[in-house]
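Take a look at the structure set out below.
The values are calculated or read from the model by the stated rules, or taken from the named source; none is laboratory data. Values in this document were obtained by computation on a predicted structure and should not be read as measured data. All Cβ positions, glycine included, derive from the backbone under ideal geometry; neighbour counts span all protein chains shown.
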Amino acid sequence: MTYRSGLVSVVGRPNTGKSTLVNALTGEKVAITSSRPQTTRHVIRGVVHRPAGQLVLVDTPGLHKPRTLLGQRLNDEVRHALADVDVVAVTLPANESIGPGDRRVTAEAAAVKRAPKVAVVTKTDLVTPDQLMVHLVAVAALAEQNGFTWDEVIPISARTGEQVDLLTDLLIGLLPEGEAFFPADQVTDEPDDVRIAELIREAALEGVRDELPHSIAVMVEEMRPREDRPPGRPLTDIHATLYVERTSQKAIIIGHKGSRLRDVGQTARRDIEALLGVPVYLDLHVKVAKDWQRDPKQLRKLGFD
(Lines give C-alpha, C1' and ligand atoms only; values in the text may rest on other atoms or scores of the structure.)
Protein backbone atom coordinates (compact mmCIF):
# COMPACT_ATOMS: atom_id res chain seq x y z
CA MET A 1 0.00 0.00 0.00
CA THR A 2 1.24 3.49 -0.86
CA TYR A 3 1.78 5.60 2.28
CA ARG A 4 1.04 9.31 2.03
CA SER A 5 1.86 12.18 4.35
CA GLY A 6 1.69 15.94 4.28
CA LEU A 7 0.39 19.22 5.64
CA VAL A 8 -3.21 20.36 5.26
CA SER A 9 -3.82 24.01 6.09
CA VAL A 10 -7.31 24.54 7.53
CA VAL A 11 -8.33 28.12 6.78
CA GLY A 12 -11.49 30.18 6.98
CA ARG A 13 -12.87 33.39 8.37
CA PRO A 14 -13.42 33.51 12.16
CA ASN A 15 -15.93 31.13 13.73
CA THR A 16 -16.38 28.74 10.80
CA GLY A 17 -15.58 25.60 12.82
CA LYS A 18 -11.87 25.17 12.02
CA SER A 19 -10.77 24.10 15.50
CA THR A 20 -13.83 21.90 16.04
CA LEU A 21 -13.01 20.21 12.72
CA VAL A 22 -9.36 19.64 13.69
CA ASN A 23 -10.43 18.13 17.02
CA ALA A 24 -12.93 15.85 15.26
CA LEU A 25 -10.35 14.65 12.73
CA THR A 26 -7.65 13.96 15.33
CA GLY A 27 -10.11 12.43 17.80
CA GLU A 28 -8.66 14.52 20.61
CA LYS A 29 -8.93 18.08 21.88
CA VAL A 30 -5.83 19.70 20.42
CA ALA A 31 -7.40 23.13 19.86
CA ILE A 32 -9.71 25.09 22.13
CA THR A 33 -13.13 26.08 20.83
CA SER A 34 -15.54 28.85 21.63
CA SER A 35 -18.53 30.63 20.14
CA ARG A 36 -16.36 33.77 20.21
CA PRO A 37 -14.68 34.73 16.91
CA GLN A 38 -10.87 34.61 16.68
CA THR A 39 -10.51 32.11 19.52
CA THR A 40 -7.49 30.53 17.80
CA ARG A 41 -4.47 32.82 18.14
CA HIS A 42 -1.62 30.80 16.74
CA VAL A 43 -1.02 27.97 14.32
CA ILE A 44 -1.80 24.59 15.88
CA ARG A 45 -0.82 21.26 14.34
CA GLY A 46 -3.04 18.25 14.86
CA VAL A 47 -1.87 14.85 13.64
CA VAL A 48 -4.21 12.22 12.17
CA HIS A 49 -2.88 8.66 11.88
CA ARG A 50 -4.33 6.15 9.41
CA PRO A 51 -2.90 2.98 7.80
CA ALA A 52 -2.88 4.80 4.44
CA GLY A 53 -1.07 7.88 5.67
CA GLN A 54 -0.58 10.71 8.11
CA LEU A 55 -2.37 14.06 7.96
CA VAL A 56 -0.77 17.02 9.68
CA LEU A 57 -3.60 19.52 10.08
CA VAL A 58 -2.51 23.13 10.43
CA ASP A 59 -5.29 24.93 12.34
CA THR A 60 -5.03 28.67 11.72
CA PRO A 61 -6.55 31.82 13.20
CA GLY A 62 -9.48 33.17 11.20
CA LEU A 63 -8.57 35.63 8.46
CA HIS A 64 -10.27 38.92 9.31
CA LYS A 65 -10.02 42.67 8.92
CA PRO A 66 -7.48 43.52 11.64
CA ARG A 67 -8.04 46.35 14.09
CA THR A 68 -4.96 45.81 16.25
CA LEU A 69 -1.32 44.78 15.90
CA LEU A 70 -2.34 41.37 17.26
CA GLY A 71 -4.92 41.07 14.49
CA GLN A 72 -2.30 41.88 11.86
CA ARG A 73 0.01 39.23 13.26
CA LEU A 74 -2.76 36.61 13.29
CA ASN A 75 -3.43 37.28 9.60
CA ASP A 76 0.32 37.02 8.91
CA GLU A 77 0.32 33.60 10.60
CA VAL A 78 -2.45 32.39 8.29
CA ARG A 79 -0.64 33.56 5.17
CA HIS A 80 2.58 31.97 6.38
CA ALA A 81 0.73 28.70 7.02
CA LEU A 82 -0.52 28.73 3.43
CA ALA A 83 2.95 29.20 2.00
CA ASP A 84 4.21 25.63 2.26
CA VAL A 85 1.35 23.12 2.50
CA ASP A 86 0.27 20.15 0.42
CA VAL A 87 -3.50 20.75 0.60
CA VAL A 88 -5.65 23.78 1.47
CA ALA A 89 -8.97 23.08 3.22
CA VAL A 90 -11.34 26.06 3.34
CA THR A 91 -14.11 25.91 5.94
CA LEU A 92 -17.44 27.37 4.81
CA PRO A 93 -20.31 26.95 7.31
CA ALA A 94 -23.54 25.64 5.80
CA ASN A 95 -25.71 27.77 8.08
CA GLU A 96 -24.31 31.12 6.89
CA SER A 97 -24.41 32.75 3.46
CA ILE A 98 -21.17 33.30 1.59
CA GLY A 99 -19.85 36.71 2.64
CA PRO A 100 -16.87 39.03 2.20
CA GLY A 101 -14.75 37.05 4.66
CA ASP A 102 -15.31 33.81 2.75
CA ARG A 103 -14.42 35.53 -0.52
CA ARG A 104 -11.25 36.96 1.05
CA VAL A 105 -10.13 33.55 2.33
CA THR A 106 -10.92 31.80 -0.96
CA ALA A 107 -8.88 34.40 -2.84
CA GLU A 108 -5.94 33.69 -0.52
CA ALA A 109 -6.36 29.96 -1.15
CA ALA A 110 -6.51 30.54 -4.91
CA ALA A 111 -3.08 32.15 -4.73
CA VAL A 112 -1.58 28.83 -3.52
CA LYS A 113 -1.29 27.53 -7.08
CA ARG A 114 0.24 24.10 -6.66
CA ALA A 115 -1.85 22.78 -3.74
CA PRO A 116 -5.18 20.97 -4.18
CA LYS A 117 -8.08 22.89 -2.65
CA VAL A 118 -10.93 21.33 -0.68
CA ALA A 119 -14.13 23.09 0.37
CA VAL A 120 -15.22 21.73 3.75
CA VAL A 121 -18.84 22.75 4.27
CA THR A 122 -19.15 22.67 8.06
CA LYS A 123 -22.11 22.69 10.49
CA THR A 124 -24.41 20.68 8.21
CA ASP A 125 -26.41 19.56 11.25
CA LEU A 126 -27.79 23.11 11.46
CA VAL A 127 -29.46 23.19 8.02
CA THR A 128 -32.05 21.26 6.01
CA PRO A 129 -31.06 19.21 2.93
CA ASP A 130 -32.58 21.87 0.65
CA GLN A 131 -30.63 24.65 2.36
CA LEU A 132 -27.46 22.59 2.04
CA MET A 133 -27.95 22.13 -1.70
CA VAL A 134 -28.34 25.88 -2.22
CA HIS A 135 -25.17 26.48 -0.20
CA LEU A 136 -23.18 23.89 -2.18
CA VAL A 137 -24.05 25.70 -5.41
CA ALA A 138 -22.78 28.98 -3.88
CA VAL A 139 -19.58 27.24 -2.73
CA ALA A 140 -18.90 25.95 -6.24
CA ALA A 141 -19.46 29.44 -7.67
CA LEU A 142 -17.07 30.91 -5.10
CA ALA A 143 -14.19 28.90 -6.58
CA GLU A 144 -15.15 29.79 -10.15
CA GLN A 145 -15.09 33.49 -9.25
CA ASN A 146 -11.46 32.99 -8.17
CA GLY A 147 -10.40 31.11 -11.29
CA PHE A 148 -10.24 27.52 -10.03
CA THR A 149 -12.37 24.46 -9.32
CA TRP A 150 -12.45 22.72 -5.93
CA ASP A 151 -10.69 19.34 -5.97
CA GLU A 152 -13.27 18.14 -3.46
CA VAL A 153 -16.39 19.64 -1.88
CA ILE A 154 -17.53 17.77 1.19
CA PRO A 155 -20.31 18.64 3.65
CA ILE A 156 -19.62 17.53 7.21
CA SER A 157 -20.76 17.95 10.78
CA ALA A 158 -17.85 17.84 13.20
CA ARG A 159 -20.36 17.88 16.07
CA THR A 160 -22.18 14.70 15.00
CA GLY A 161 -19.23 13.12 13.17
CA GLU A 162 -21.12 12.92 9.87
CA GLN A 163 -18.67 12.39 6.98
CA VAL A 164 -15.61 13.15 9.14
CA ASP A 165 -14.02 9.79 8.25
CA LEU A 166 -14.76 10.36 4.56
CA LEU A 167 -13.08 13.76 4.74
CA THR A 168 -10.02 12.13 6.31
CA ASP A 169 -9.79 9.60 3.50
CA LEU A 170 -10.23 12.29 0.82
CA LEU A 171 -7.51 14.49 2.32
CA ILE A 172 -5.04 11.62 2.64
CA GLY A 173 -5.71 10.74 -1.00
CA LEU A 174 -4.61 14.24 -2.04
CA LEU A 175 -1.28 14.07 -0.18
CA PRO A 176 2.05 13.15 -1.79
CA GLU A 177 3.75 9.85 -1.05
CA GLY A 178 6.07 10.12 1.93
CA GLU A 179 7.12 8.99 5.39
CA ALA A 180 5.28 9.93 8.58
CA PHE A 181 6.32 13.21 10.21
CA PHE A 182 5.28 12.24 13.75
CA PRO A 183 5.30 9.03 15.82
CA ALA A 184 2.04 7.09 16.01
CA ASP A 185 1.20 8.20 19.55
CA GLN A 186 1.52 11.96 18.93
CA VAL A 187 -1.55 14.05 18.08
CA THR A 188 -0.01 17.53 18.26
CA ASP A 189 3.35 19.28 18.52
CA GLU A 190 2.00 21.81 21.03
CA PRO A 191 4.01 21.88 24.30
CA ASP A 192 1.99 21.04 27.42
CA ASP A 193 2.37 24.52 28.93
CA VAL A 194 0.90 26.12 25.80
CA ARG A 195 -2.01 23.64 25.73
CA ILE A 196 -2.65 24.30 29.42
CA ALA A 197 -2.64 28.08 28.90
CA GLU A 198 -5.16 27.62 26.10
CA LEU A 199 -7.43 25.46 28.26
CA ILE A 200 -7.43 28.18 30.91
CA ARG A 201 -8.25 30.80 28.28
CA GLU A 202 -11.06 28.64 26.92
CA ALA A 203 -12.60 28.43 30.39
CA ALA A 204 -12.21 32.19 30.84
CA LEU A 205 -13.94 32.94 27.53
CA GLU A 206 -17.24 31.39 28.51
CA GLY A 207 -19.86 33.85 29.66
CA VAL A 208 -17.78 37.03 29.50
CA ARG A 209 -18.93 40.25 27.90
CA ASP A 210 -18.46 40.89 24.19
CA GLU A 211 -15.56 43.30 24.62
CA LEU A 212 -13.53 40.95 26.80
CA PRO A 213 -12.59 37.83 24.74
CA HIS A 214 -9.92 39.50 22.60
CA SER A 215 -8.41 41.16 25.68
CA ILE A 216 -7.66 37.89 27.52
CA ALA A 217 -4.23 36.24 27.28
CA VAL A 218 -2.85 33.48 29.50
CA MET A 219 0.67 32.42 30.41
CA VAL A 220 1.77 29.43 32.47
CA GLU A 221 4.44 30.81 34.78
CA GLU A 222 5.46 27.57 36.47
CA MET A 223 4.56 23.87 36.29
CA ARG A 224 6.22 21.16 38.35
CA PRO A 225 5.41 17.95 40.27
CA ARG A 226 4.74 18.51 43.97
CA GLU A 227 7.62 17.14 46.04
CA ASP A 228 7.24 14.72 48.98
CA ARG A 229 4.01 13.19 47.65
CA PRO A 230 3.14 9.63 48.76
CA PRO A 231 3.89 6.87 46.21
CA GLY A 232 1.06 6.53 43.72
CA ARG A 233 -0.44 9.94 44.58
CA PRO A 234 1.25 12.48 42.33
CA LEU A 235 0.18 16.13 42.18
CA THR A 236 1.28 18.76 39.68
CA ASP A 237 1.41 22.42 40.73
CA ILE A 238 0.57 24.90 37.98
CA HIS A 239 0.78 28.67 38.42
CA ALA A 240 -0.71 30.75 35.61
CA THR A 241 -1.56 34.40 34.96
CA LEU A 242 -4.50 35.76 33.00
CA TYR A 243 -3.71 39.12 31.39
CA VAL A 244 -6.35 41.70 30.51
CA GLU A 245 -6.03 45.24 29.16
CA ARG A 246 -7.91 47.30 31.76
CA THR A 247 -8.61 47.31 35.48
CA SER A 248 -12.35 47.06 34.83
CA GLN A 249 -11.75 43.85 32.87
CA LYS A 250 -9.75 42.42 35.75
CA ALA A 251 -12.74 42.92 38.05
CA ILE A 252 -15.00 41.08 35.57
CA ILE A 253 -12.64 38.10 35.31
CA ILE A 254 -12.26 37.82 39.09
CA GLY A 255 -15.98 38.26 39.77
CA HIS A 256 -17.75 38.96 43.05
CA LYS A 257 -15.46 37.81 45.87
CA GLY A 258 -13.45 35.78 43.36
CA SER A 259 -16.41 33.64 42.26
CA ARG A 260 -15.80 33.87 38.52
CA LEU A 261 -12.08 33.12 38.77
CA ARG A 262 -12.87 30.07 40.92
CA ASP A 263 -15.26 28.82 38.23
CA VAL A 264 -12.59 29.33 35.57
CA GLY A 265 -10.11 27.39 37.69
CA GLN A 266 -12.47 24.49 38.31
CA THR A 267 -13.41 24.16 34.63
CA ALA A 268 -9.82 24.44 33.42
CA ARG A 269 -8.49 22.04 36.05
CA ARG A 270 -10.75 19.23 34.84
CA ASP A 271 -9.48 19.59 31.28
CA ILE A 272 -5.85 19.94 32.40
CA GLU A 273 -6.07 16.80 34.53
CA ALA A 274 -7.51 14.92 31.54
CA LEU A 275 -4.60 16.18 29.43
CA LEU A 276 -1.82 15.38 31.91
CA GLY A 277 -3.36 12.27 33.48
CA VAL A 278 -2.53 13.40 37.03
CA PRO A 279 -4.28 15.53 39.68
CA VAL A 280 -3.49 19.23 39.46
CA TYR A 281 -3.33 22.16 41.85
CA LEU A 282 -4.09 25.20 39.71
CA ASP A 283 -3.21 28.66 41.01
CA LEU A 284 -4.57 31.53 38.90
CA HIS A 285 -3.84 35.26 39.10
CA VAL A 286 -5.14 38.17 37.00
CA LYS A 287 -2.94 41.08 35.93
CA VAL A 288 -3.45 44.17 33.77
CA ALA A 289 -1.19 44.59 30.72
CA LYS A 290 -2.50 47.87 29.35
CA ASP A 291 -3.47 47.70 25.65
CA TRP A 292 -1.30 44.62 25.13
CA GLN A 293 -2.91 43.86 21.73
CA ARG A 294 -1.39 47.07 20.34
CA ASP A 295 1.97 47.01 22.13
CA PRO A 296 4.82 45.14 20.35
CA LYS A 297 6.74 44.66 23.60
CA GLN A 298 3.73 43.20 25.41
CA LEU A 299 2.93 40.98 22.43
CA ARG A 300 6.45 39.54 22.51
CA LYS A 301 6.15 38.89 26.25
CA LEU A 302 2.89 37.05 25.71
CA GLY A 303 4.35 34.89 22.94
CA PHE A 304 3.08 36.70 19.81
CA ASP A 305 6.43 37.27 18.12
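Can you tell me which condition Val220 does not meet? The list is (1) more than 25 Å from Thr60 (Cβ to Cβ); (2) among the hydrophobic types (A, V, I, L, M, F, W, C); (3) touching a His at 6+ places or on another chain (Cβ under 8 Å), and all the others hold.
Every condition holds for Val220 apart from (1).
Report, by residue number, each residue of region 80-133 that is crowded, with 18+ Cβ neighbours inside 10 Å, acidic (Asp, Glu) and closer than 20 Å to Thr20 by Cα.
Asp102
I'd like to check something: does region 98-110 contain any residue that is basic (Lys, Arg), closer than 25 Å to Glu144 by Cβ and at pLDDT 60 or above? Spell out how you get there, then give the answer.
At the first step, the residues of region 98-110 found to be basic (Lys, Arg) are 103-104.
Of the ones still in play, those that are also closer than 25 Å to Glu144 by Cβ are 103-104.
Keeping just the survivors that are at pLDDT 60 or above gives 103-104.
For region 98-110, residues basic (Lys, Arg), closer than 25 Å to Glu144 by Cβ and at pLDDT 60 or above: present.
Mind listing whichever residues of region 266-284 are under 18 Å from Leu205 (Cβ atoms), in contact (Cβ under 8 Å) with a residue 40 or more places away in the chain and in contact with a strand residue (DSSP E or B) (Cβ under 6 Å, 6 or more places away or on another chain)?
Ile272, Leu282, Leu284
Please verify whether region 230-250 includes one or more residues that are modelled with pLDDT of 90 or more, of a type in the set (A, V, I, L, M), touching a Leu at 6+ places or on another chain (Cβ under 6 Å) and not assigned by TED's automatic domain parsing to the domain that holds Val48.
Yes, that holds for at least one residue.
Output the number of the condition that Thr160 fails; it satisfies all remaining conditions of (1) under 18 Å from Ser19 (Cα atoms); (2) assigned to a helix (DSSP H, G or I); (3) in the same structural domain as Arg114 (by TED's automatic domain parsing).
Looking at each condition in turn, Thr160 falls short on (2).
Against the conditions (1) among the hydrophobic types (A, V, I, L, M, F, W, C); (2) surrounded by 14 or more Cβ atoms within 10 Å (Cβ to Cβ); (3) at pLDDT 90 or above, where does Ala274 fall short? Just the number, please.
All conditions are met except number (2).
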